[in-house]
1. 7 Å from Cα along Cα→Cβ at both N70 and K182: what's the point-to-point distance in nm?
2. Pairs to check: K161/K187; K79/K139; K139/K182; K115/K161; K24/K177. Give those whose C-alpha atoms are more than 30 Å from each other in this structure.
3. Based only on other Cβ atoms within 10 Å, what is the fewest-to-most ordering of D176, D94?
4. Relative to the longest principal axis of the C-alpha atoms of the chain, give the angle of the C-alpha long axis of helix 121-138, reported between 0 and 90° and rounded to the nearest 10°.
5. Given labels modelled 7 Å from the Cα in the Cβ direction, how far is it in nm from Y52 to N120?
6. Within 12 Å, Cβ to Cβ, of E97, how many net charges do the neighbouring residues add up to if Lys/Arg are +1 and Asp/Glu are -1?
7. Just to confirm a number: summing +1 for Lys and Arg and -1 for Asp and Glu over residues other than N138 whose beta-carbon lies under 13 angstrom from that of N138, what do you get?
8. Angle, helix 106-117 long axis vs. longest principal axis of the chain, Cα atoms, 0 to 90°, nearest 10?
Amino acid sequence: MGCCTIFGRRRCYSEDIGGVALEKPVLYLYPEKEIDVEIKLSFKNSDFICVYPKFEDKNECKWKVKANPNGELTISGKKYPYLFWEATSYNPQDLNEGFIVKSENAEEFLEEKLKILGLNDKESSEFITYWLPVLIKNKTSICSFQTEQFFENYKYEITPKPTSFLRIFLSIKKIDKEIEIKEQKLKGFKREGFVAVEWGGCNIQN
């Protein structure tokens, strides 16, 4: 895939037309001391919708930042809380395991699962305020946290390399009635040394 950055408004895609919007993947960096970090991003079978802040070179999907232990990132004198991108993906997602979530239990579900997975309070709050309205609107949803097989299609090259890197991507699909689904087992995360954290998700339309 060519690294062409296309700035535009978020759209949701149906799997029937071959694509789904990966919404708001954001990347946080927490080094042990202030350091310069280079982040390269590569995709398979995907096209960028939006990137912020912009890559310095559109032909190379790369950010160069000064990272602070409190999570603050600086690029060309401007400060950011995280790095942001969105893309249209043509890769399959695994919904064979997950959870059936009703709107009335959605807040509790997200708080519980994100704590297990290892987001801190700030990251969890930002995740929930973005995705809770989707679950409420859907009424009933399949929710599945994607595994390493999914992330193989969306790779980071971070220099220096983080000691620990947490990646969370939640696939959401509205359903009209409850179905049987194997409950997904979630793994915890231990923050050690230079920590990187990413979260994102998608709302799969029927």
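1. If labels sit at N70 and K182, their model points lie 4.6 nm apart.
2. Working: K161/K187 22 Å; K79/K139 38 Å; K139/K182 20 Å; K115/K161 25 Å; K24/K177 28 Å.
Listed pairs above 30 Å: K79/K139.
3. Values: D176 8, D94 14.
So the ranking, lowest neighbour count to highest, is D176, D94.
4. For helix 121-138, the angle is close to 40 degrees.
5. Between Y52 and N120, the simple spin-label model gives 2.3 nm.
6. Working: positive: K182, K185; negative: D94, E180, E183.
For residues surrounding E97, the net value is -1.
7. On the way: positive: K102, K137, K139, K173, K174, K177; negative: E104, D176, E178.
Charge balance near N138 sits at +3.
8. Value to nearest ten degrees: 50.
Any read-out appearing in this document is the output of simple, stated calculations on the displayed coordinates, not a laboratory observation. The structure displayed is predicted, hence computed values, not measured ones. Cβ: placed from backbone, ideal geometry, glycine included. Neighbour counts: every protein chain shown.
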